[in-house]
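Novice: First the structure, which I've put down as structure tokens, then a few questions once you've had a look.
The values are calculated or read from the model by the stated rules, or taken from the named source; none is laboratory data. What you see is a predicted model, and the numbers here were worked out from it, not measured in a lab. Quick reminder, even Gly has a Cβ in these numbers, built from the backbone with ideal geometry, and neighbours come from all protein chains shown. Remember, those area values only see protein heavy atoms, side chains included, never the ligands or the DNA or RNA. Shrake-Rupley method; radii C 1.70, N 1.55, O 1.52, S 1.80 Å.
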Amino acid sequence: MLDRTQPDTNQSAGDIASDGAPERVVEDKPQGWRPLNWLKRAGQFFFALSFSSLTRRIVSLNLAGLVALVASILYLSQFRAGLIDARAQSLLVQAEIIAGAIAASATVQTNAITIDPDRLLDLKPGETYGGSDDYSPLDFPINPERVAPVLRTLISPTKTRARIYDPNGSLLLDSRNLENVLRFPLPPLSAEKPGVVERGMVAVRTWLNRGDLPLYRELGPENGNGYAEVGDALQGQKRSMVRVNARGEVIVSVAVPVLRSRAIHGALMLSTQGDDIDQMVTAERLAILKVGGVAAAVMIMLSLLLASTIAGPVRRLADSAERVRRRIKTRVEIPDFTRRRDEIGHLSGALRDMTNALYSRIEAIEMFAADVAHELKNPLTSLRSAVETLPLARNENSRARLLEVIEHDVKRLDRLISDISDASRLDAELQRQDAIPVDIRRLLGTLVSVANETKLGHDVAVEARFEGRGPTDTFAVTGHDSRLGQVVSNLLSNAQSFSEAGNKVRLTCRRVRGEIEIVVDDDGPGIRDDALERIFERFYTDRPHQGFGQNSGLGLSISKQIVDAHGGRIWAENRAGPADDEGIPTIAGARFVVRLPAL
């Protein structure tokens, strides 16, 4: 027998207290709230979670999605594109203003006037000589000395680089060469090559910023036309360009023509510094990374909490199943999570049902083994005594009686072993075979015909009656026809064995509220009241009219086992007969009732 008294090691303190089994130990010193103990428990909990494969998968998958989202935002952010467009527009406006100021100041000479002698002869009295606008582009080219103060004043607040080119594309003025105008920090000169970290940062920045942008290169003072925007400006068109330098920094440059009187005096090119736009983009990306970091921390915590509701119960269920495997002779309770109403709850319920079925099967096997050992021991003991006494027999009559006992015990052992083998194979056969629709009308008709032809060793006939709306009514159930036939055959044989010669056994089949009811009535002595339930126990037999050992006591037990496997019920009762002289009802015979779920 299994020991059901051992408590479950997984049972919580609240559950134990609710059962009332263990006593509570009251300590002398009051226990207050201890933060260190709680921190220690929390650390142990998260440490255990960190070694869970399921936890690592949940956290990794959630973080992978967040990392992909942040990376896509960083790579596809529209902030950088909008910032570059705004910067280009502002540079165009600034360049047009500066170009207009340069055109107004650089072509006005305050200390020199160019005079055309031919025009002096054409002057009329009272007229004055003035320069012609048509010849001003030729007479008044851009003077770098006059442009420098204007350029110094206009670009100082903007921190941009300005370059002025003449109509041939030669560099006239570069704001970097102006003394005391602007100072642009340049990287320090060093003979050492940049480190791995710096090269890596440059490579990442270049990959993020480059895209399809062209690479920026410094051209010589004679190669102004090498810049596409300068070439367009010298043709009278304004244009902006976006490039990336060797350090991955974005360079925005614009070029506008310097015009006066619709004549092109040169081109003005404004460009941003290498880290101007990148500082703002980097600040925006750092903000995104900060938000992503906070989201990652929150996601990790939520993932750990989610994993604790999955990995923790699964681990407890696995540990309990492992203890069931190791401690098969002591009952281990599977943790109950059925209140969760999810897959974990369903798994817990299934494992609990499976474990209970396993323990029930083990108990049944142990009880069956004990009953078999007990039943086999009696004929073996009798057989051993007869065999040991046989050589001591003094006459032929004693020897014949001993041989008769030996033969009886051998037949009894053979019958017991056959019935035990049939009973032990029953569950396995019912599990392996697929249930099919069984026509009860046809099955009972065949069994009744066989019983009437063979009489099963008794002169007792069997008659069948089907109660329905018509002869074509079907009585069908789902099950195994051979095993259901074995049940009916056992009941018919049992009824015939208790009936006197010339009597009849009546078999009735009817439909009762979604069930098929099979009733077997006989006219025998009936069943004692205290034996109505015991007759279905293994190896129990009550046959006063037969000799000892003529029946194994497994027929009704096997029949009950088959009916239970089909989801039905079987019971026995006595049929009431007429009252005797004292008014006490008599027993007219025994009745066995089988009910099976109808198809």
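Novice: Computed over the Cα atoms of the range 474-519, what is the convex hull's projected area averaged over all directions, in nm²? Write down the numbers at each step before the final one.
Specialist: Details: hull surface 15.6 nm².
Mean projected area of the Cα convex hull: 3.9 nm².
Novice: Once Rh is set to the Kirkwood radius over Cα pairs, what Stokes-Einstein translational diffusion coefficient, in µm²/s, holds for the range 380-501 at a temperature of 4 °C and a viscosity of 1.567 mPa s? Write out the running numbers ahead of the final one.
Specialist: Numbers: Rh = 18.3 Å.
In µm²/s, the coefficient rounds to 71.
Novice: At 1.4 Å probe size, with no ligands or nucleic acids counted, give the accessible surface of VAL291 in Å², nearest ten.
Specialist: Around 100 Å² of this residue is reachable by solvent.
Novice: What whole-number value in cubic angstrom gives the convex hull volume per residue for the C-alpha atoms of the range 268-391? Present the calculation step by step, with values, prior to reporting the outcome.
Specialist: Numbers: hull volume 23.1 nm³, N = 124.
Expressed per residue, the convex hull around the Cα atoms of the range 268-391 is 187 Å³.
Novice: Let me ask something additional. Would you kindly compute the Cα radius of gyration of the range 483-599 and its largest Cα-Cα separation (Dmax), both in Å?
Specialist: 14.7, 47
Novice: Also: For a quick check of your reading of the filter: which trypsin sites (Lys or Arg not before Pro) in the range 217-257 sit in a DSSP loop and have no more than 14 other Cβ atoms within 10 Å? The partial results should precede the final answer.
Specialist: Numbers: sites: ARG217, LYS238, ARG239, ARG243, ARG247; in loops: ARG217, LYS238, ARG247.
Within the range 217-257, the qualifying trypsin sites (Lys or Arg not before Pro) (loop, at most 14 other Cβ atoms within 10 Å) are ARG217.
Novice: Let me ask something else about it. Ranked from highest to lowest mean number of other Cβ atoms within 10 Å per residue, what is the order of the peptides 219-229, 367-377?
Specialist: Values: 219-229: 15.6, 367-377: 13.9.
In descending order of packing, they fall as 219-229, 367-377.
Novice: How big is the range 370-411 by the Kirkwood estimate over distinct Cα pairs, in Å? Can you show the working numbers first?
Specialist: Numbers: mean 1/r = 0.0934 Å⁻¹.
Computed over Cα pairs of the range 370-411, the Kirkwood hydrodynamic radius comes out at 10.7 Å.
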